Amino acid sequence: MKKEEDFMFLKAKMQDTVHWVDKTNSRKFSCFLDPLQQKFCKNILVQESSVQFQFFGGHEYCERKMLCIFPQNSSLTIWEWPIAILHIYPKSYKKNNKLRHPEILGRLMNLGIQRNRVGDINIINDFIQIFVQEKLKEYIKYHLEKISNIPVEISEVDWKEVVSFQPSFEEMYITTSSLRLDSMISKIFGLSRKEAMIFIKSGKVKVNWEYITHSSMQLIEKDVISVKGKGRATFCKILGNTKKGNKKILIRKNK
């Protein structure tokens, strides 16, 4: 399977990097990793006693982060991370039609930029904050003139101007007789059970950042569920049972 091949490649790359850092007494930065990749790397690196490692994406709430592997006898400051912070200002907005994350990311991809070269994209009131590999900043500043036909201006800012953006969410309560994936996303995203199964089988559903194609998967507390085009939610807690034996569940759904 491609996923297994990807992780085998990542494992080999981690082992090679550890050897290089140990041998040269230097440090090595990765591209931006998603949370699943970060977890996989951490599981490998905690077994290595000759090096230190740290993840960082721009601020404390970042989801996508770079990995730095560095010698035990050294330290790492925020200024050393090869991350550029860009604030993008749309010059005009259509009424009630602000730019969305897929449109911003899609425009960057259309410039030929790979996904792992871009970190989090934060939409903050009247501007957009993005984190990118430092070597890409001039390319983006020169070529990114519009997003969805809306002209934009770009400013590079330093670490003092970073906004620690935490996505807002709404709490919702659902009742369900089953913790199956299809049943849960049906309740959370307002889909029929049949529609939920179609989303899952067509590879549009992730649990904890991993694509899942089995409708019968049993969810547990703290699982993060993403449905393409519908949004993301966290299964927070089972609050108890109803008189009919159904489960009462607290969900936090990203706005």
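The values are calculated or read from the model by the stated rules, or taken from the named source; none is laboratory data. The shown structure was predicted, so the numbers you read here are calculated from the model rather than taken from an experiment. We place every Cβ from the backbone using ideal geometry, glycine too, and count neighbours over all the protein chains shown. The accessibility values were calculated without ligands, DNA or RNA, using every heavy atom of the protein model including side chains. Shrake-Rupley method; radii C 1.70, N 1.55, O 1.52, S 1.80 Å.
The order of the peptides 32-39, 163-170 by mean Cβ neighbours within 10 Å, most packed first, is 32-39, 163-170.
With both labels modelled 7 Å from their Cα along Cα-to-Cβ, the Gln54 to Ser202 distance reads 4.4 nm.
Among rounded, prolate and oblate, which fits the stretch 137-255 when a ≥ b ≥ c are the square roots of the eigenvalues of its C-alpha gyration tensor, a/c under 1.5 means rounded, and a/b larger than b/c means prolate? It comes out prolate by the Cα gyration axes. If R0 equals 25 Å, the separation of the Cβ atoms of Glu170 and Ile78 corresponds to a calculated FRET efficiency of about 0.15. Within the accessible surface of the stretch 26-129, defined with a 1.4 Å probe on protein heavy atoms only, the carbon and sulfur portion equals 46 percent. Among the protein heavy atoms of the stretch 168-255, carbon and sulfur supply 50% of the accessible surface, probe 1.4 Å, non-protein parts ignored. The calculated FRET efficiency for the pair Lys11 and Lys244, based on their C-beta separation and a Förster distance of 45 Å, comes to about 0.45. Kindly state, to the nearest 0.05, the FRET efficiency for Asn125 paired with Tyr211, given R0 = 25 Å and r defined as their beta-carbon distance. Calculated transfer efficiency: 0.15. Compared with the direct C-alpha span, the chain from Lys137 to Lys237 gains 31.9 nm at full extension, assuming 0.36 nm per residue.
Based on protein heavy atoms only, the stretch 31-168 ends up with 54 Å² per residue of surface accessible to a 1.4 Å probe. Using 18 Å as the cut-off for backbone N distance, which residues of the stretch 165-198 belong to the label zone defined by a point 7 Å from the Cα of Asn254 along Cα→Cβ? The answer is 165-172, 185-186, 188-190, whose backbone nitrogens lie closer than 18 Å to the label point.
Positive contributions from Lys and Arg (+1) and negative ones from Asp and Glu (-1), summed over other residues with Cβ under 9 Å from the Cβ of Pro35, come out at +1.
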